[in-house]
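First up is the structure itself, then whatever we jot down about it.
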Amino acid sequence: MGLLFRNVEVNGARVDVRVAGTRVAEVGTELATDDEATVLDGRGGVLLPGLHDHHLHLLATAAARRSIDCGPPAVRDATGLQHALTVEGGSGWFRGTNYHESVAGELDRTVLDRWVPDRPVRIQHRSGALWMLNSAALSVVSDVLDDSLDVERDDLGQPNGRLWRYDARLRAGLAADPPDLDALGAELDSYGITGVTDATPDLDAAAIDLITAAHRSGALAQRVVLLGAAPDTELPDGVVAGPYKLLLRDHDLPTFDELHVQIEAVHRSRRAVAVHCVSRESLLLTLAVLDDVGTRDGDRIEHAGVVPTGVAEWMAALRVRVVTQPGFLHARGDAYLRDVDPDDRPHLYPHAGLLASGVPVALSSDAPYGPLDPWQVIDAAMQRRSESGAILGEAERVSAATALAGYLGAPDDPGGAPRRVVAGAVADLCLLHVPLREALTTPHRSLVRDVVIDGRVREFDP
Ligand SMILES: [Zn+2]
């Protein structure tokens, strides 16, 4: 049993690497092999530690893979949306994603009914925070519509089809149609991703069951960190609870005291926090609270979408990490330049500046809201170029090597030192077709040749 990589590049040298069980056993030249080992000739390609996506949403990504894109650039106007709704959807539920008001304004059930009166339609806003349903869809999920303000209502008190932060409750209403994590596992394999951190807040038991079942079956072989698992959740091997996710709502921020109580409670349970901070206000509030409560090792800021001048130094002093998504700069850069407050524009999704100030920065996709492919994200971190070619924060560009390092921190150490291929390391590995220098010139998913998780070679379609 075991694996022997011949002729691979590790730390700039041509070596052999032997894997025994779930660990790297030996790195050296002309290593002996036994007859049972599977031998892979690397032909000089670099053998990297497997990549870890430090912030994504597994179930939403799996569901999005079966959905119709209803936002720019795929759909740009009402005609395009109508076309997607009526021509491309098939029968049964229509599930749309990525909607933005620039397409056809605010959608509610009256608007949607005009286009699709009979078939149930649900469309998710690009922010992930809002679902828009037509009347047929509302009646299917009527059991899970509660009295909270998350169910928007018309003047007569009837649900108008707009449901806020309703993912978990909608899933309960659609239990017969669970998302397919097996296909997502295979997709992650093909990118060289050997671990993921699910950043969905408040995961319920059903969601955790879906994820752990896919992991146990081997279909989703990736190591999984859950930020949304409640403190006392029992998790199987290979699935762990990470820092606890706190979602700040920008239109309804907590007070300083409220956030203080929340963060203190999480820290008291010996867990770090992962705080969602997209805006300037949410970041400053969070840092002020952390400054007062005191930080715990592992405390992290998700997104850090706007970091005003001087604040990076404060973050460094507090020893908080940032988990960022350069992929947004490409996918949404043009919308940012159009919609974001001019005062905030120079400070969007900083990267090089954070690193220079001493803030650890990890990379991630935030899939399905940003592109899942890490090689695309690495390219976006180097270019910071929108779809139309505008550059967002040229000084914040980083090298391909720096961007790649953002994917190589340990699952529990985002932005920390890149893991290394050395004897004793966990055998989560990613073999590329080419040496590192070549890969860094043109990062692309097609360079991924073999992926090993826990000592086992993954099969995937390139
Ligand atoms: Zn997210």
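The values are calculated or read from the model by the stated rules, or taken from the named source; none is laboratory data. The structure displayed is predicted, hence computed values, not measured ones. Note that we place each Cβ from the backbone using ideal geometry, even for glycine, and neighbour counts take in every protein chain shown.
When residue 276 is tested against (1) away from the ligand (no atom under 16 Å from the Cβ); (2) crowded, with 16+ Cβ neighbours inside 10 Å, exactly one condition is not met: (1). For the stretch 120-133, the candidate set comprises residues that are away from the ligand (no atom under 16 Å from the Cβ) and farther than 16 Å from residue 103 by Cβ; within that set, the residue that is modelled with the highest pLDDT is 133. With respect to residue 194, determine if the residue is in a strand (DSSP E or B), at pLDDT 95 or above, farther than 16 Å from residue 320 by Cα and of a type in the set (Ser, Thr, Tyr). When the stated conditions are applied, residue 194 passes them.
One residue alone among 157, 96, 71, 105 is within 28 Å of the chain's Cα centre (by Cα) and on the phi > 0 side of the Ramachandran plot, and that residue is 105. If the condition is being touching a Cys at 6+ places or on another chain (Cβ under 7 Å) and surrounded by fewer than 18 Cβ atoms within 10 Å (Cβ to Cβ), then the stretch 99-136 contributes no residue at all.
Only residues that are under 20 Å from residue 174 (Cβ atoms) and within 16 Å of the ligand (Cβ to nearest atom) were counted in the stretch 56-74, giving 8. Counting only helices (runs of 4 or more DSSP H) that sit wholly inside the stretch 221-335, those with at least 2 residues that are touching a Cys at 6+ places or on another chain (Cβ under 6 Å) and in the same structural domain as residue 373 (by TED's automatic domain parsing) are 280-293.
Whenever a residue of the stretch 188-207 is within 13 Å of the ligand (Cβ to nearest atom), its partners that are among the polar types (S, T, N, Q), lying with C-beta atoms within less than 7 angstrom and at least six residues away or across chains, give the pairs 196/222. Checked against (1) surrounded by fewer than 20 Cβ atoms within 10 Å (Cβ to Cβ); (2) more than 16 Å from the ligand (Cβ to nearest atom); (3) outside the structural domain of residue 93 (by TED's automatic domain parsing), residue 152 meets all criteria but (3).
Every residue, every condition in (1) surrounded by 15 or more Cβ atoms within 10 Å (Cβ to Cβ); (2) in contact with a Phe, Trp or Tyr (Cβ under 8 Å, 6 or more places away or on another chain); (3) part of a loop (DSSP other than H, G, I, E, B), yes or no:
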position: 52; (1), (2), (3): yes, yes, no
position: 55; (1), (2), (3): yes, no, no
position: 73; (1), (2), (3): no, no, yes
position: 80; (1), (2), (3): yes, no, no
position: 84; (1), (2), (3): yes, no, no
position: 97; (1), (2), (3): yes, no, no
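Residue count for the stretch 362-383 under the criterion of being away from the ligand (no atom under 16 Å from the Cβ), closer than 15 Å to residue 51 by Cα and surrounded by 23 or more Cβ atoms within 10 Å (Cβ to Cβ): the result is 2.
Would you check if residue 381 is modelled with pLDDT of 95 or more and either under 18 Å from residue 312 (Cβ atoms) or not in a loop (DSSP other than H, G, I, E, B) (or both)? Against the criterion (modelled with pLDDT of 95 or more and either under 18 Å from residue 312 (Cβ atoms) or not in a loop (DSSP other than H, G, I, E, B) (or both)), residue 381 qualifies. Every listed requirement among (1) within 30 Å of residue 320 (Cα to Cα); (2) touching a Phe, Trp or Tyr at 6+ places or on another chain (Cβ under 8 Å) is met by residue 170 save one, (1).
Here's the yes/no breakdown for (1) free of Cβ contacts under 8 Å to residues at least 40 places away in the same chain; (2) within 16 Å of the ligand (Cβ to nearest atom):
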| residue | (1), (2) |
| --- | --- |
| 286 | yes, yes |
| 289 | yes, no |
| 300 | no, yes |
| 311 | yes, no |
| 330 | no, no |
| 348 | no, no |
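Output the qualifying pairs, or none if there are none: Cβ atoms under 7 angstrom, residues six or more apart or on different chains, first residue in the stretch 399-414 and over 20 Å from residue 198 (Cα atoms), second residue charged (D, E, K, R). Every condition considered, no pair remains. Of everything listed in (1) farther than 19 Å from residue 334 by Cβ; (2) more than 16 Å from the ligand (Cβ to nearest atom); (3) among the charged types (D, E, K, R), the single unmet condition for residue 53 is (2).
Can you tell me which residues in the stretch 104-138 are β-branched (Val, Ile, Thr), in contact (Cβ under 8 Å) with a residue 24 or more places away in the chain and part of a helix (DSSP H, G or I)?
Answer for the stretch 104-138, where residues must be β-branched (Val, Ile, Thr), in contact (Cβ under 8 Å) with a residue 24 or more places away in the chain and part of a helix (DSSP H, G or I): just 110.
Selection of the stretch 184-204 for residues being within 22 Å of residue 95 (Cα to Cα), aliphatic (A, V, I, L, M) and in contact with a helix residue (DSSP H, G or I) (Cβ under 7 Å, 6 or more places away or on another chain) yields only 184.
Residue 140 fulfils the conditions (1) more than 28 Å from residue 216 (Cβ to Cβ); (2) crowded, with 23+ Cβ neighbours inside 10 Å; (3) among the aliphatic types (A, V, I, L, M) except for a single criterion, (2). A Cβ distance below 7 Å, combined with a sequence gap of six or more or placement on separate chains, defines the contacts here; from the stretch 27-46, residues that are without any contact (Cβ under 8 Å) to a residue 24 or more places away in the chain reach residues that are aliphatic (A, V, I, L, M) in the pairs 28/15; 29/15. Among the numbered conditions (1) within 19 Å of the chain's Cα centre (by Cα); (2) within 28 Å of residue 337 (Cα to Cα), the only one that residue 410 does not meet is (2). Can you spot a residue in the stretch 135-154 that is within 26 Å of residue 196 (Cα to Cα) and of a type in the set (Lys, Arg)? No.
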